[in-house]
1. Arrange 190, 184 by Cβ neighbour counts within 10 Å, fewest through most, would you?
2. Is the shape of region 105-177 rounded, prolate or oblate, going by the alpha carbon gyration tensor and its root eigenvalues a ≥ b ≥ c, with a/c under 1.5 for rounded and a/b larger than b/c for prolate?
3. Test of understanding: ordering 32, 60 by Cβ neighbours within 10 Å, fewest first, what list do you get?
4. Just want the ordering: 49, 113, from fewest to most Cβ atoms lying within 10 Å of their own Cβ.
5. For labels at residue 190 and residue 172 in the simple 7 Å Cα→Cβ model, what's the distance in nm?
6. At what distance in nm do the modelled label points of residue 33 and residue 101 sit from each other, each positioned 7 Å from its Cα along Cα→Cβ?
7. Against the empirical 2.2 N^0.38 Å scaling, what ratio does the C-alpha Rg of region 2-197 come to?
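Quick note: the coordinates plus some simple rules give every number you see, no bench work behind them. If you're wondering where the values come from, they're calculated on a predicted model, not measured in any experiment. Counting neighbours? That spans all protein chains shown, and the Cβs are built from the backbone with ideal geometry, glycine included.
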């Protein structure tokens, strides 16, 4: 879980979408794709879902990872599930394993966070890494080329207590939206890969 570093700023390079907004998965997928390199199909795409099932609020990441594993998309690699979570204790080891298994990966990090009251329920998409553990004063390595966070509750005091008392209903709804958006993204990438192959075949036929 991370604390929103932009808690009081108003930068326009961060996309914020309500989890229950109309077409939220499509909008989130587009925001993610806009931050990805043009030739992204040449690199392994790894989704790192951070969090633990021992805390309701911090279970957002593992819930998303579990749902994505069920989708079984061939274009993405998913790490961090309810059965095998990525959290403060094993984060560094898990990232080392990922880097060895997937050379030069493009990593999308997913984590829960705390924020303003009016922002609870929003999903944010940002360039650069997420800072896991910042919201509960833990010094952990940054993760991701880009990141997606779900604001599950209010920041400002007793963060551990707040996370433990976050409504599971909200976390589940946000996890469903995020998983659907990553699924949409993977379909877009697969279409892009197919179009790239088609264009290459056409160029070879015309040469």
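1. On the way: 190 15, 184 19.
Ranking 190, 184 by Cβ neighbours within 10 Å, fewest first, gives 190, 184.
2. On the way: a/c = 2.03, a/b = 1.31, b/c = 1.56.
It comes out oblate by the Cα gyration axes.
3. Numbers: 32 20, 60 30.
In order of increasing Cβ crowding within 10 Å: 32, 60.
4. Ranking 49, 113 by Cβ neighbours within 10 Å, fewest first, gives 113, 49.
5. In this crude spin-label approximation the distance works out to 2.7 nm.
6. Output for this residue pair reads 2.6 nm.
7. Numbers: Rg = 15.5 Å, N = 196, 2.2 N^0.38 = 16.3 Å.
Dividing the Cα Rg of region 2-197 by 2.2 N^0.38 Å gives 0.95.
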